[in-house]
């Protein structure tokens, strides 16, 4: 059956990538992109980095300039929410009561930060979450010298927010409930690197310490009580305790969900006329399933969904990569480290290093700090399914490009 109308729900990185790829591949039918926020589609990672720091304008934040959508006949609907999907009638109902017909539907609904419960003070004013432009704009004015901040959560979002705060002269405390920052996503070596980096910039990092409650006065946060009894006076707090996939719309429509919208290797949901991609999608990976929260996956998986819509039947094979900017350190990550049993450290100098994750003799992933060459070489090795001799990596003067030969 010919596809004459495609609707994409979610105007983030995945949604825009899907639409752009459809047009690049020659799709000439109706194409509608729907976003809840009033702004044109924009990048999210800089919100906790360059944009929050004031180093990136809104214009530079946009994924594409506005004429891009008109030139490619992409109908961009902003500031409107999808209220429901009628799979039988193949219609999407919008919050303004409009109904859109589709032949194929793509869910790129993204994810939402986990919020602190109201019982812990999560509904107080001056408690912020970093997920959208409104969040970043609301908290930006708090980052001024002399303010006191608590960052809750020692993952990348929390650490990036702490870095911006410290750079702006904010007295910053970060609490992490587990025994080290970045425990869920990185080795102890990488944790040690970033703990030392933050402490060198004046951030107080408290591990094995959780939030007992945020304390308020007149509806605003004024302090915090920690699990060890410590009392802090605060001007604001930033919460970075993880995200959840936006799967409610799919679930209400009767689609299968499993830590996200469950899709097969072709990005298809339990309804073959509905696909999903990006943060919201749970897909087959090795012997199990995986949901990746990254720009790289949002782009690659959305582009795969576009090609599937036009007849491609090659499976999606994820090639994970991530990055984080903190102070003068650029962290680049390639691969997934789950299941590693050994770390090989390659230290070039006090500001440049890489940590190579192995499972026995198989390379799984690399964390590279201010070492783009290590990242590039590791990416090519992983793409080729090759694992270099561990002994060669620990020699800091060795040209890593030699590992690509042979």
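The values are calculated or read from the model by the stated rules, or taken from the named source; none is laboratory data. Given the structure is predicted, the values throughout are model-derived calculations rather than measurements. Methodologically, a virtual Cβ is constructed for each residue, glycine included, from the backbone with ideal geometry; neighbour enumeration extends over all protein chains shown.
Worth a mention:
- Matching residues in the range 115-143 - criterion: being surrounded by 15 or more Cβ atoms within 10 Å (Cβ to Cβ), farther than 14 Å from residue 241 by Cα and touching a strand residue (DSSP E or B) at 6+ places or on another chain (Cβ under 6 Å): 121, 124, 126, 135, 139, 142
- Restricting the search to strands (runs of 3 or more DSSP E) fully inside the range 311-406 and requiring at least 2 residues that are under 30 Å from residue 55 (Cβ atoms) and more than 19 Å from the chain's Cα centre (by Cα) gives 342-349, 352-359.
- Residues in the range 49-90 that are within 21 Å of the chain's Cα centre (by Cα) and either under 30 Å from residue 251 (Cβ atoms) or not assigned by TED's automatic domain parsing to the domain that holds residue 253 (or both): 63 only.
- Counted residues, the range 242-258 - those being out of contact with any helix residue (DSSP H, G or I) (no Cβ under 6 Å at 6 or more places or on another chain) and either at pLDDT below 95 or not in a loop (DSSP other than H, G, I, E, B) (or both): 9
- Checking each residue in the range 170-207 for being in a loop (DSSP other than H, G, I, E, B) and under 16 Å from residue 150 (Cβ atoms) picks out 170, 177, 181, 202, 203.
- For the range 16-38, residues that are over 19 Å from the mean Cα position of the chain (by Cα) and closer than 17 Å to residue 308 by Cβ total 11.
- Only a single item in (1) touching a helix residue (DSSP H, G or I) at 6+ places or on another chain (Cβ under 9 Å); (2) at pLDDT 95 or above is not met by residue 400, and it is number (2).
- Single condition residue 228 does not satisfy, out of (1) in contact with a helix residue (DSSP H, G or I) (Cβ under 7 Å, 6 or more places away or on another chain); (2) surrounded by fewer than 21 Cβ atoms within 10 Å (Cβ to Cβ): (1)
- Unique residue being within 20 Å of the chain's Cα centre (by Cα), within 21 Å of residue 296 (Cα to Cα) and at pLDDT below 95 when the list is 46, 41: 46
- Check on residue 29, surrounded by fewer than 22 Cβ atoms within 10 Å (Cβ to Cβ) and at pLDDT 95 or above: yes
- The residues of the range 357-373 that are over 18 Å from residue 338 (Cβ atoms) and touching a residue at least 40 places away in the same chain (Cβ under 8 Å), listed by number, are 369, 370, 372.
- Test: residue in the range 5-14 that is at pLDDT 95 or above, in a strand (DSSP E or B), on the phi < 0 side of the Ramachandran plot and within 23 Å of the chain's Cα centre (by Cα): yes
- Whenever a residue of the range 96-119 is without any contact (Cβ under 8 Å) to a residue 40 or more places away in the chain, its partners that are in a loop (DSSP other than H, G, I, E, B), lying with C-beta atoms within less than 9 angstrom and at least six residues away or across chains, give the pairs 96/80; 96/81; 98/80; 99/89; 117/123; 118/124.
- Looking only at residues of the range 288-310 that are surrounded by fewer than 17 Cβ atoms within 10 Å (Cβ to Cβ) and in a strand (DSSP E or B), we find that the one that is modelled with the highest pLDDT is 289.
- Hey, residue 343 assigned by TED's automatic domain parsing to the domain that holds residue 378 and modelled with pLDDT of 95 or more or not: yes
- Tally, over the range 61-75, of residues that are within 13 Å of residue 42 (Cα to Cα) and in contact with a helix residue (DSSP H, G or I) (Cβ under 7 Å, 6 or more places away or on another chain): 3
- Identity of the residue in the range 273-287, outside any strand (DSSP E or B), out of contact with any helix residue (DSSP H, G or I) (no Cβ under 6 Å at 6 or more places or on another chain) and modelled with pLDDT of 95 or more, that ends up nearest to residue 148 (Cα to Cα): 279
- Condition broken by residue 321, with the remaining ones in (1) touching a helix residue (DSSP H, G or I) at 6+ places or on another chain (Cβ under 6 Å); (2) within 30 Å of residue 168 (Cβ to Cβ); (3) assigned by TED's automatic domain parsing to the domain that holds residue 394 satisfied: (3)
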